[in-house]
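Peer 1: The structure under discussion is supplied below as structure tokens; questions concerning it will follow.
The values are calculated or read from the model by the stated rules, or taken from the named source; none is laboratory data. On a predicted model such as this, the values are computed, not experimentally measured, just so you know. When we count neighbours, we look across all protein chains shown, and the Cβ atoms used for this are built from the backbone with ideal geometry, even at glycine. When the accessible area is computed, the model is the full protein with side chains, heavy atoms only, and any ligands, DNA or RNA have been set aside. Shrake-Rupley method; radii C 1.70, N 1.55, O 1.52, S 1.80 Å.
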Amino acid sequence: MTTRKGKGKASGLKQTDIGVFFGLKPLKDKGKEQEAGNILPGVSLHQGPVLEERKGGKGDHGGHQTVGVHRLQVREGGRKRWNRGRINGEQRESKRCPFYKKIPGTKFAVDAFQYGLVEGITTYFLTHFHSDHYGGLKKSSTFHIYCNRITGNLVKSKLRVAEQFVHILPMNTQVTVDGFKVTLLDANHCPGAAMLLLFLPDGQTVLHTGDFRADPSMEAYHELLSCRVQTLYLDTTYCSPEYTFPTQQEVINLAANTAFRCVTLNPRTLVVCGSYSVGKEKVFLALAEVLGSKVCLSRDKFNTMCCLESERIRQLITTDWKAAQVHVLPMMQLNFKNLQTHLSRFSRQYDQLVAFKPTGWTFSQRVEAVEDIKPTVHGNISIYGIPYSEHSSYLELRRFVQWLRPLKIIPTVNVGSWASRKAMERCFSEWLTEAYEANNVKGI
Ligand SMILES: [Zn+2]
């Protein structure tokens, strides 16, 4: 497909030079400056179809267990609907695939399985195994899916997609897919989560973060150091200054220290950790390690963990509830009533329960420091909501963008409202201007 105005089905897409609103020169003028070696990045605003993003509650992928909870609705706005015929077993586009899920100039789509077969797309990347990204995939799917080994294991094991459609790519190794050079990089999100680094024939380099938690260690990725990323598709889940939260390690330390203290004071303490399908394993693994215990999981969750190809995980997990002092339960079961029932099932071993709910950022649990985290207590049950995020905080996002200094940023989350898109564009513009000014001062 093309993203140029007036051509094909993307005729509704328009690129506006938002830099003009911030006193910068129009992009076409800037192009001349860039040729002259005086590069000041503007931020381009794509105005795609009007999207409404509905989330199943605020938090860090609160809806991961349900396909379609994190759903994009596209208003047709008088545009032609695609026929709902079936081609090669897939539904033709029933909802329009948003522009930011397609990579212009290629036949690639990223995390776009809920639109049926998309015209002009032959290669469907899956960045990680969270339902708001794989939603639409099912046993009968015939998309050609490109992902890494862990995500591929999960797609085959959990969704039963036929092996022939799952194409496994190595991590940190440049490969050629459909004529384009592609490298997968660790996204520091859930197990198997990858960022895509794409080299287009016209010299453009594209980084798609999928979902990620930016980390300074990424600044040492030699794949990123050895290229210049022009276009960044960015996970903007928490792209606003109020989104501050502790590092994962701080939160893990808090949970481990708390569990250790509780069990030391009362060895008959059962420790419970909430979990979604994939992700946040580091929390319950740390609890198990500090207590010298195994972690018990449901059979289904156990099978999921076996897809992750981690020896550390394999050695710690069990399905024998009585053999572990750390129990992993679905996040939605972590309330006083359910936990009381759960504790009573093990009353011979335990008379107290401490539970950890690793959620993302929540308005009601805003914390600057882990010392501020307090449990809610009901009788012999304590529940700690802990701000363990697998997405970047605002400051982490800013640092990553200012380090990478892309020429164009395309947000992939919270793009549902004009106000939200505008606010993000303002952030990007400020960040990049600051970054370039800082580098000019340094003479870089
Ligand atoms: Zn995710």
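Peer 1: Might you let me know whether region 245-260 holds any residue that is of a type in the set (A, V, I, L, M, F, W, C), within 16 Å of the ligand (Cβ to nearest atom) and at pLDDT 95 or above?
Peer 2: No, every residue in region 245-260 fails to be of a type in the set (A, V, I, L, M, F, W, C), within 16 Å of the ligand (Cβ to nearest atom) and at pLDDT 95 or above.
Peer 1: Being more than 16 Å from the ligand (Cβ to nearest atom) and in a loop (DSSP other than H, G, I, E, B), is that true of even one residue in region 207-220? So that I can check it myself, show each step before the final result.
Peer 2: Of region 207-220, the ones more than 16 Å from the ligand (Cβ to nearest atom) are 207, 216-220.
Subset that is in a loop (DSSP other than H, G, I, E, B): none.
No, region 207-220 contains no residue that is more than 16 Å from the ligand (Cβ to nearest atom) and in a loop (DSSP other than H, G, I, E, B).
Peer 1: Does PHE165 fit the bill of being open to solvent by 10 Å² or more (accessible area, probe 1.4 Å) and either in contact (Cβ under 8 Å) with a residue 24 or more places away in the chain or within 15 Å of the ligand (Cβ to nearest atom) (or both)? Talk me through it step by step, then tell me what you get.
Peer 2: Details: open to solvent by 10 Å² or more (accessible area, probe 1.4 Å): yes; either in contact (Cβ under 8 Å) with a residue 24 or more places away in the chain or within 15 Å of the ligand (Cβ to nearest atom) (or both): yes.
It is true that PHE165 is open to solvent by 10 Å² or more (accessible area, probe 1.4 Å) and either in contact (Cβ under 8 Å) with a residue 24 or more places away in the chain or within 15 Å of the ligand (Cβ to nearest atom) (or both).
Peer 1: Select the strands (runs of 3 or more DSSP E) contained entirely in region 139-201, then report the ones holding at least 3 residues which are in the same structural domain as LEU117 (by TED's automatic domain parsing) and farther than 21 Å from CYS306 by Cα.
Peer 2: On the way: elements: 145-147, 166-168, 175-177, 180-186, 194-199.
Output list reads 175-177, 180-186, 194-199.
Peer 1: Go through region 94-123 residue by residue and tally those that are among the aromatic types (Phe, Trp, Tyr) and open to solvent by 20 Å² or more (accessible area, probe 1.4 Å). Working first, answer last.
Peer 2: From region 94-123, those among the aromatic types (Phe, Trp, Tyr) are 99-100, 108, 113, 115; that's our starting set.
Pick out the ones that are also open to solvent by 20 Å² or more (accessible area, probe 1.4 Å) and you get 99.
Looking only at that region, the number is 1.
Peer 1: In addition: Give the residue that is least open to solvent (accessible area, probe 1.4 Å), with candidates limited to residues of region 189-223 that are under 18 Å from SER392 (Cβ atoms) and of a type in the set (S, T, N, Q).
Peer 2: THR209
Peer 1: In region 272-298, what residues are open to solvent by 10 Å² or more (accessible area, probe 1.4 Å), touching a Leu at 6+ places or on another chain (Cβ under 9 Å) and either away from the ligand (no atom under 16 Å from the Cβ) or among the aliphatic types (A, V, I, L, M) (or both)?
Peer 2: Correct list: GLU289, SER293, LYS294, SER298.
Peer 1: Being open to solvent by less than 10 Å² (accessible area, probe 1.4 Å), of a type in the set (S, T, N, Q) and within 30 Å of SER344 (Cα to Cα): is that true of THR264 here?
Peer 2: Values: open to solvent by less than 10 Å² (accessible area, probe 1.4 Å): no; of a type in the set (S, T, N, Q): yes; within 30 Å of SER344 (Cα to Cα): yes.
So THR264 does not fit the description; no.
Peer 1: Right, ASP178: within 16 Å of the ligand (Cβ to nearest atom) and open to solvent by 10 Å² or more (accessible area, probe 1.4 Å) or not? So that I can check it myself, show each step before the final result.
Peer 2: On the way: within 16 Å of the ligand (Cβ to nearest atom): no; open to solvent by 10 Å² or more (accessible area, probe 1.4 Å): yes.
No; evaluated as a whole, the condition is false for this residue.
Peer 1: Which of the residues that make up region 98-117 are among the hydrophobic types (A, V, I, L, M, F, W, C) and modelled with pLDDT under 95?
Peer 2: Within region 98-117, the subset among the hydrophobic types (A, V, I, L, M, F, W, C) is 99, 103, 108-110, 112-113, 117.
PHE99, LEU117, listed by residue number.
Peer 1: Which number in (1) surrounded by fewer than 21 Cβ atoms within 10 Å (Cβ to Cβ); (2) within 16 Å of the ligand (Cβ to nearest atom); (3) at pLDDT 55 or above marks the one condition that HIS133 misses?
Peer 2: Result: HIS133 passes all but (1).
Peer 1: For region 224-272, how many residues are in a loop (DSSP other than H, G, I, E, B) and within 25 Å of LYS408 (Cα to Cα)? Let's see the steps before the verdict.
Peer 2: Taking region 224-272 as the starting set, the residues that turn out to be in a loop (DSSP other than H, G, I, E, B) are 226-230, 235-247, 266-268.
Checking which are within 25 Å of LYS408 (Cα to Cα) leaves us with 226-230, 235-244.
Number satisfying all stated conditions: 15.
Peer 1: Taking region 292-325 as the region of interest, how many residues are part of a helix (DSSP H, G or I) and either outside the structural domain of CYS262 (by TED's automatic domain parsing) or over 24 Å from SER389 (Cβ atoms) (or both)? Show your work before the answer.
Peer 2: We begin by selecting, within region 292-325, every residue part of a helix (DSSP H, G or I); these are 299-306, 311-316, 321-323.
Then drop every residue that is not either outside the structural domain of CYS262 (by TED's automatic domain parsing) or over 24 Å from SER389 (Cβ atoms) (or both), which leaves 299-300, 302-303, 306, 311, 314-315, 321-323.
The total comes to 11.
Peer 1: Do you know which residues across region 273-291 are of a type in the set (D, E, K, R) and assigned to a helix (DSSP H, G or I)? Walk me through it before giving the result.
Peer 2: So the first thing to find is which residues in region 273-291 are of a type in the set (D, E, K, R), and the list is 280-282, 289.
GLU281, LYS282, GLU289, listed by residue number.
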